[in-house]
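A quick write-up on the structure given underneath.
The values are calculated or read from the model by the stated rules, or taken from the named source; none is laboratory data. Treat the numbers as computed from the prediction; the structure is a model and nothing was measured. Cβ: placed from backbone, ideal geometry, glycine included. Neighbour counts: every protein chain shown.
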Amino acid sequence: MASKKIGKAWATTSSIVLGEPLSGLDRFGKWLFSGMPGWREVKTKSGQVIVPCYAVFPGLPDSKVALMKNIEEVGGILLDIKSTPSAESLSCQMGRKGKFIVDLAEGENFDVDKCSIYKNLSAAHMSLDCFYSKYLAYSWFCDNNDHIFGCQFTFFSSFSIKCYHSSHLQRCFEMDSCSKCSDSYFCHDCENLQNCMFCFNVNNLRYAVANVVVGKEKFESLKKQVLARTVRELKEKAAASLSVYNF
Amino acid sequence: MRVYALRRGKPKAAGRTIHHKPRALVARSASHVPTFARELLIIIAASSFMGESLELLAAIDRSFKSACRAIFGQEIGSLRENERLFTYAAPMKKGKSALSGAEVSYIAPYPARAKLISMEEKPRLPPPKFSPNDIKDIDSLLRAARECAYYCGSKAIGNSKYIERSDNVTDSFFVYASHNITKSEYIAYSELVIKSKHQFGSSAVGESEFCMGLSESSLAKRVFESAQVQTCSDIYCCFFARNCRDCMFSFGQQSKMFMIGNNQLEKASYVPLKKELLSQMAAMLKSKKKGLLLSDIVGGRDG
C-alpha cells in the first residue's frame, strides 16, 4: 500500500492536473501502469521484491530470485569446476544452483516502497528503473522527475500523469513524445505547447485544440468538459477511456 | 549508474532533416513539383536511401564482427545469421505511412487503425480542415482530434544519421531495429541505450562498449549475455557483477576477477580455461546450439 506521503502527492497532482483530488492511489494502479511491461511481486525468505517483466527478467523463476542483502550468500554458491568444465555444463549448473539478485538500490533513498532498480529516490512507490526523482508511483524508466504517476521514459518533468517518451513537461496528462510543454493534455510529438489539447505533430502553440488555436475562453470550457468526463470515469471505474493512443 | 538521459537532446535547426539529403528533398518539395518530376525524385531518393541502407547494414555487420572478435577472439558469422540471439529488446512494430505508403517503425502502443507518418513527412501533413467555431463540445472535439491524429514513427532527432527500422533515436549513428537510443553508435536489436557503442541485443544499458545480450547495466566493456553488470569488463554469462573483470558463469559478485562458476582462480589457471570455454561458446553459437542465452540459463533450462 502506498505511503501517506505518496498518497498526498497523488491527491495534489491529480488536483492540479485533473482539477479534482483523487484518493486511494493503489486503486488506479492498473490504469496507471497500463501499456508498460509490468512486474511481478516475488516473496523470498528475506523479503519481497519487485521483478520487472522485460529483458532477461521474465524467464527468471520465483524460486531463483534473491535480494541484494543476500549477496554474500549468493556469491558463495560454487559451481563444480573440478573436472574440466564445459560451457554447456556450467550454464546448466548455473541454472540449477544459481540465485539471481534483482533489486538494485544505489545512492540515498527515502520512503521507497515496492521499487526495483533505483538510485536516489524519495517517496517512491511501485516504480521500476527510476533515478534521481521524488514523489513518483507506477512509473518505469524515468529520471529527474517529481510528482509523476504512470509515466514511462519521461525525464525532467513534474506534476504529470501518464506521460510517455517525453521530457521537460509540467502539469501534463496523457502526452507522448513531447517536450517542453505545460498544462497540456492528449498530445503527441509536440514541442513547446502551453494549454493545448489533442494536438499532433505541432510546435509552439498556446490555447490550441486539435492543432487549431481556439483562444483562452473556448479552451478552458472544452478542458473543463474533457476533465469532468475523465474524473467521472476515474471515480467510477478507476480508469479513463480517453488516451493519447486512442485516435 | 545511468547517465543523464535527455529524451529530446539538442533541438534540430528549423527546416533541416537529419536523413540523407535526397530523402529530405522529396519530403520538402514533393507538393511543389509536377507529378513526373516528383516520381523521378522519389526514384532517386529511393535508390539513394537503399545506398544508405546498404551502407548502414554493412557498417553494423562490420561492427558485429569486431564485437565478436573482442568478445570471443573470433567471428561467429554475420549479424543476420545470429539474429536469434537478440531477444531482450521489445521488437519494433512496422506500419505504412498514411501519406506515402513508406515503411514506418515505431515502439509505442499506437492503435491498430492509427494513421502513421515518418518524421520527414511532417511538413507534408494536411492543414486542419475545421475552424475554431466547428469545435463546440466533446464529440466535435474528438472528431477534430481524430482528423489531425497522425502518429509519428521512425523518429530520429538531433545529430543522427544512418538510422533504420528504429524509433526515438537522439544524436546517434548506425542504429538498426532499436528504440530509445541516445548518443550512441553501432546499435542493433537493442532498447534504452545511452552513450554506448557496439551494442547487440542489449536492453537498458549506459556507457558500455562491445556487448551482446547485456541487460540493466552500465560502464561495461566486452560483455556477453549478462545482466546487472556495473563497471565491469570481460564478463560472460554473469548475473549481478559490480566492479569485476574476467568473470564467467558467475552471479552475485563484487570487486572480483578471474572467476569461473563463482570459483576464485589464479590468473595462470583462469586464462587457459577461459580460452577453452570461449572457443566452446563460439562453436555453440556457430552451430546454432541453444543454451548460452542468459534467459535460458536463469530459467533453469536443462542442457
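Taken across the stretch A:183-203, residues that are assigned by TED's automatic domain parsing to the domain that holds A:His125, of a type in the set (D, E, K, R) and more than 20 Å from B:Tyr150 (Cα to Cα) do occur, with at least one present.
The strands (runs of 3 or more DSSP E) located wholly in the stretch A:154-247 that include 1 or more residues which are closer than 22 Å to B:Ser131 by Cα and aliphatic (A, V, I, L, M) occupy A:191-197, A:203-209.
With respect to (1) loosely packed, with under 14 Cβ neighbours inside 10 Å; (2) touching a residue at least 60 places away in the same chain (Cβ under 8 Å); (3) of a type outside the set (D, E, K, R); (4) closer than 29 Å to B:Tyr151 by Cβ, the lone exception for B:Gly73 is condition (4). If you check A:Ser91, A:Ser3, A:Ser14, A:Ser34 for being hydroxyl-bearing (Ser, Thr, Tyr), touching a Gly at 6+ places or on another chain (Cβ under 9 Å) and over 29 Å from B:Ser255 (Cα atoms), only one passes: A:Ser34. Residues of the stretch A:148-165 that are over 25 Å from A:Val214 (Cα atoms) and within 11 Å of chain B (Cβ to nearest Cβ): A:Gln152, A:Phe153, A:Thr154, A:Phe155, A:Phe156, A:Ser157, A:Tyr164, A:His165.
When the stretch A:88-97 is filtered for residues that are at the interface with chain B (Cβ under 8 Å from one of its Cβ atoms) and either surrounded by fewer than 24 Cβ atoms within 10 Å (Cβ to Cβ) or β-branched (Val, Ile, Thr) (or both), the ones remaining, listed by number, are A:Glu88, A:Ser89, A:Cys92, A:Gln93, A:Gly95, A:Arg96. Of the residues making up the stretch A:44-61, those that are under 22 Å from the mean Cα position of the chain (by Cα) and more than 10 Å from every other protein chain (Cβ to nearest Cβ) number 5.
Contact map, the stretch A:62-82: first residue under 21 Å from A:Val42 (Cα atoms) and more than 9 Å from chain B (Cβ to nearest Cβ), second residue aliphatic (A, V, I, L, M) and part of a loop (DSSP other than H, G, I, E, B), Cβ cut-off under 6 Å, separation 6 or more or different chains; pairs are A:Val65/A:Val102. Out of the helices (runs of 4 or more DSSP H) lying entirely within the stretch A:1-77, which hold 1 or more residues that are out of contact with any strand residue (DSSP E or B) (no Cβ under 9 Å at 6 or more places or on another chain) and of a type outside the set (A, V, I, L, M)? Filter on the stretch A:1-77 gives A:4-18, A:29-32. Looking across the stretch A:106-132, the residues that are in a strand (DSSP E or B) and within 12 Å of chain B (Cβ to nearest Cβ) come down to A:Glu106, A:Ser116, A:Ile117, A:Tyr118, A:Lys119, A:Asn120, A:Leu128, A:Asp129, A:Cys130, A:Phe131, A:Tyr132.
Does B:Lys256 meet the test of being farther than 25 Å from A:Pro61 by Cβ, away from every other protein chain (no Cβ under 11 Å) and of a type in the set (D, E, K, R)? Steps first, please.
Details: farther than 25 Å from A:Pro61 by Cβ: yes; away from every other protein chain (no Cβ under 11 Å): no; of a type in the set (D, E, K, R): yes.
Against the criterion (farther than 25 Å from A:Pro61 by Cβ, away from every other protein chain (no Cβ under 11 Å) and of a type in the set (D, E, K, R)), B:Lys256 does not qualify.
A Cβ distance below 8 Å, combined with a sequence gap of six or more or placement on separate chains, defines the contacts here; from the stretch B:117-132, residues that are farther than 17 Å from A:Asp189 by Cβ reach residues that are of a type in the set (Asp, Glu) and surrounded by 17 or more Cβ atoms within 10 Å (Cβ to Cβ) in the pairs B:Lys129/B:Glu147; B:Phe130/B:Glu147.
The condition of being in contact with a Gly (Cβ under 7 Å, 6 or more places away or on another chain) and not hydroxyl-bearing (Ser, Thr, Tyr) holds for only one of B:Leu125, B:Leu116, that being B:Leu116. With respect to the conditions (1) modelled with pLDDT of 90 or more; (2) aliphatic (A, V, I, L, M); (3) farther than 17 Å from B:Phe239 by Cβ, A:Val49 falls short on a single one, namely (3). Which residues, counting only those in the stretch A:102-146, are acidic (Asp, Glu) and under 20 Å from A:Gly38 (Cβ atoms)? Scanning the stretch A:102-146 gives A:Asp103, A:Asp113, A:Asp129. Return the residues of the stretch B:237-284 that are within 19 Å of A:Ile71 (Cα to Cα) and hydroxyl-bearing (Ser, Thr, Tyr); say none if nothing qualifies. Across the stretch B:237-284, the qualifying residues are B:Ser250, B:Ser255.
The residue that is nearest to A:Pro85 (Cα to Cα), among those in the stretch B:246-303 that are hydrophobic (A, V, I, L, M, F, W, C) and part of a loop (DSSP other than H, G, I, E, B), is B:Phe249.
Of the strands (runs of 3 or more DSSP E) lying entirely inside the stretch B:75-194, the ones with 1 or more residues being more than 11 Å from chain A (Cβ to nearest Cβ) are found at B:93-96, B:103-106, B:115-118, B:161-164, B:167-170, B:173-176, B:179-182, B:185-188, B:191-194.
The set of residues in the stretch A:168-186 being within 14 Å of another protein chain (Cβ to nearest Cβ) and crowded, with 24+ Cβ neighbours inside 10 Å consists of A:Leu169, A:Cys172, A:Glu174, A:Met175, A:Asp176, A:Ser177, A:Cys178, A:Ser179, A:Cys181, A:Ser184, A:Tyr185, A:Phe186.
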